[in-house]
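The values are calculated or read from the model by the stated rules, or taken from the named source; none is laboratory data. Since we're looking at a predicted model, the values are computed, not measured. Counting neighbours? That spans all protein chains shown, and the Cβs are built from the backbone with ideal geometry, glycine included. Surface accessibility is based on the protein's heavy atoms, side chains included, excluding ligands, DNA and RNA. Shrake-Rupley method; radii C 1.70, N 1.55, O 1.52, S 1.80 Å.
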Amino acid sequence: METPQGKYNVVVIGAGTAGLVTAAGTAGLGGRVALVEAKKMGGDCLNFGCVPSKALISSTRLVHRIRRGPELGLSEMEPSFRFEDVFRSMRERRARIEPNDSKERFEGLGVDVFLGKAKFLSPHEVEIDDGTRLRARNFVIATGTRALVPPVPGLDCVPYYTNETFFDELDRKPESMLVLGGGPIGCELAQVAGRLGIDVHIVELLPRLLPRDDSGASELIRKRLESEGIDVATGTKAVRFDHQDGRTAATVEANGAQKTLATETVLVAAGRTPNVESLGLESAGVKYSRRGVEVDETLTTSQPHIFACGDIAGPYAFTHAADYQARIVIRNILLPWFKAKASYRWMPWVTYTDPEVAHFGPTEEEARAKNIVYDVFRYDWEELDRAVTDSETEGFIKVLAAHGKDTILGATVVGVHAGEVIHEVLVAAKHGIGLSKLSATVHAYPTYSSSVQRVADSFQKTRLTPRVAGLFRWLYRRRRC
Ligand SMILES: Cc1cc2nc3c(=O)[nH]c(=O)nc-3n(C[C@H](O)[C@H](O)[C@H](O)COP(=O)(O)OP(=O)(O)OC[C@H]3O[C@@H](n4cnc5c(N)ncnc54)[C@H](O)[C@@H]3O)c2cc1C
């Protein structure tokens, strides 16, 4: 058992991205830090989230591409693989990243790492479940979220997976899988499962998949999943689960009509719930709700010396959001007199379906709801030479600009590598670079990024008003004389 080293500057609870960044940053600046983790160092992202999902996505993208061989002049072929080997390879790749987040690495950085579950005894002391007590000047709550298992009757009596079991306990290929939830996690894993030969049904309560994204993007993803053989039921509620003869029967309801879907197994991807229970937040005087720990813009909780960051604080549940917030917390602990505020104005996100969906800023739907007057510029990847040469034309780039101005408000990119392409537009938007400058920047040919220049060109064309066009015609006429 680790022995506490007197009073700490900071005790961090939770060793996911938010906790790890806070602990490493504070120790790096010379602070004395204790980090407490209840389950696995690295949290969701490394163990049950981004890393294993992206590894599986990579394998299944190749599976799918091999099946599409004839489009590229190859003979028709069915990829040969063992389901178990694909998962083993995913775990091997995850294991290569694991040392970055390990107890040993963090101890090497000067952090005292304690394995166990922490709870507050008072606003100034936490206790780990082995009885160790830690006192500190500041505390950081970074306990993340877990899969929300909705209270659908019978769900608790049928076998189901969540992101915490899918990657390590799915040890043979089920014949069928019902994916409950059509958000990013549900869509990504449904596509993975479908490509591995599982018969997949997605059941989503809301009217469309990826509800926080551009509606055109969500429609494109729906069509793609359906074209790959996945059954997508949106606007559909799971009302009951029954377990009969080793199989699960899910009763679902849409527009008042019920039907039953038979499935071997279920993946619950129906949202997240914060890890606030058993943290002793009442003893600490920290306010929380069913959405997580309440924080202000400086990520300070209702106790001025206790901070929260990452998924537990929201509003975004992304690894890069956790990293961003942790950096602010480090700074605000060190310099409490001049606290920095978190701003989410330029927060990007990517759903790693194939094709990817990348976004930042308001969608058209949000802009309309907020009465933002905007112009929209769109370029379809059907016309993008690189997409054509790669046979990856399903996609588009859409930029929202302030009406009549050269100011980027937001963008959506759908397509292969969309998650890379979005960043050029994001950097431009954040630093006040408008579409005209993007249009005037030479982009290498033939790249996916050149779609940014193309969409910016379409903005430039709007500047060719009838008056300017008339002037140009006059100039050409004169030159011909
Ligand atoms: C399937 C899936 C795919 C994802 N893919 C992406 C992606 O591609 N890109 C992206 O940006 N984000 C992705 N995410 C989201 C990303 O994983 C999270 O946003 C990120 O992990 C949040 O980090 P965190 O530190 O806030 O919380 P977590 O990673 O959840 O870490 C919290 C830690 O706190 C520990 N803990 C909880 N209670 C206690 C306690 N009382 N005492 C001690 N320790 C405690 C937990 O065990 C956990 O290790 C994905 C998530 C899932 C589920």
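Annotation note: trypsin sites (Lys or Arg not before Pro) in the range 210-250 located in DSSP loop regions with a Cβ neighbour count of at most 16 within 10 Å are 212. Let me make sure I get this right: for the range 349-481, a, b and c are the square roots of the gyration tensor eigenvalues over alpha carbons, sorted descending. Under 1.5 in a/c it's rounded, otherwise prolate if a/b > b/c, else oblate. Which is it? Oblate shape, in that a/c is at least 1.5 and b/c is the bigger or equal ratio. Projecting label points 7 angstrom from Cα along Cα→Cβ for residue 385 and residue 468 puts them 2.6 nm apart. Spin-label model, residue 227/residue 164: points 7 Å from Cα along the beta carbon direction are separated by 3.8 nm. Taken about its Cα centre, the chain carries a charge dipole of roughly 2300 debye when the Cβ of each Lys and Arg holds +1 and the Cβ of each Asp and Glu holds -1.
If R₀ is 41 angstrom, what is the calculated FRET efficiency for the pair residue 277 and residue 58, using the beta carbon separation as r and rounding to 0.05?
Taking R0 as 41 Å, the efficiency between residue 277 and residue 58 is 0.70.
With K and R counted +1 and D and E -1, the other residues having a Cβ less than 13 Å from that of residue 41 yield a net charge of -1.
Please check which bits of the range 194-211 a label hung off residue 78 would reach, taking the label as a point 7 Å along Cα-to-C-beta and the cut-off as backbone N under 15 Å. Within reach of a label on residue 78, which here means backbone N under 15 Å from a point 7 Å along Cα→Cβ, the range 194-211 contributes 195-199. Shape class of the range 292-372 from the Cα gyration tensor (axes a ≥ b ≥ c, square roots of the eigenvalues): prolate, since a/c reaches 1.5 or more and a/b is larger than b/c.
As a length-normalised measure over Cα pairs under 8 Å and 6 or more apart, the relative contact order of the range 7-57 settles at 38 percent. With all protein chains in place and a 1.4 Å probe, the accessible surface of the range 245-386 carries 50 percent carbon and sulfur.
Under 26 Å of direct C-alpha separation, and excluding same-chain neighbours fewer than eight residues apart, residue 119 reaches these lysines: 7, 39, 40, 103, 287. Within the range 259-307, the trypsin sites (Lys or Arg not before Pro) that combine a DSSP coil assignment with at most 10 other C-beta atoms in a 10 angstrom radius are 290. Based on protein heavy atoms only, the chain ends up with 48 Å² per residue of surface accessible to a 1.4 Å probe. Close Lys pairs in the range 323-481 (alpha-carbon distance under 17 Å; sequence gap of 8 or more, or different chains): 8. Normalising the average separation of contacting C-alpha pairs (under 8 angstrom, six or more residues apart) by the number of residues puts the relative contact order of the chain at 13 percent. Given +1 at the Cβ of Lys and Arg, -1 at the Cβ of Asp and Glu and no other charges, the dipole of the range 417-481 around its Cα centre is 760 debye to the nearest 20. For a test of the definition: using alpha carbon positions, the gyration tensor, and the 1.5 limit on a/c, classify the chain as rounded, prolate or oblate. Oblate is the answer for the chain, as a/c is 1.5 or above yet b/c matches or exceeds a/b.
Beta-bridge orientation, the range 109-228: approximately 60 percent antiparallel, per DSSP, counting only bridges with both partners inside. Within the accessible surface of the range 33-191, defined with a 1.4 Å probe on protein heavy atoms only, the carbon and sulfur portion equals 52 percent. With each label modelled as a point 7 angstrom along the Cα→C-beta vector, the residue 157-residue 294 pair spans 3.9 nm. Across the range 1-85, C-alpha contacts under 8 Å between residues 6 or more apart give a mean separation that, scaled by the residue count, equals a relative contact order of 21 percent. The stretch between residue 376 and residue 133, if pulled fully straight at 0.36 nm per residue, gains 81.8 nm over its current Cα-Cα span.
Rounded to the nearest 5, the antiparallel percentage of DSSP beta bridges internal to the chain is 60%. The calculated 222 nm mean residue ellipticity attributable to helices in the chain amounts to -10500 deg cm²/dmol, summing -39500 (n - 2.57) over DSSP H runs of n ≥ 4 and dividing by all residues.
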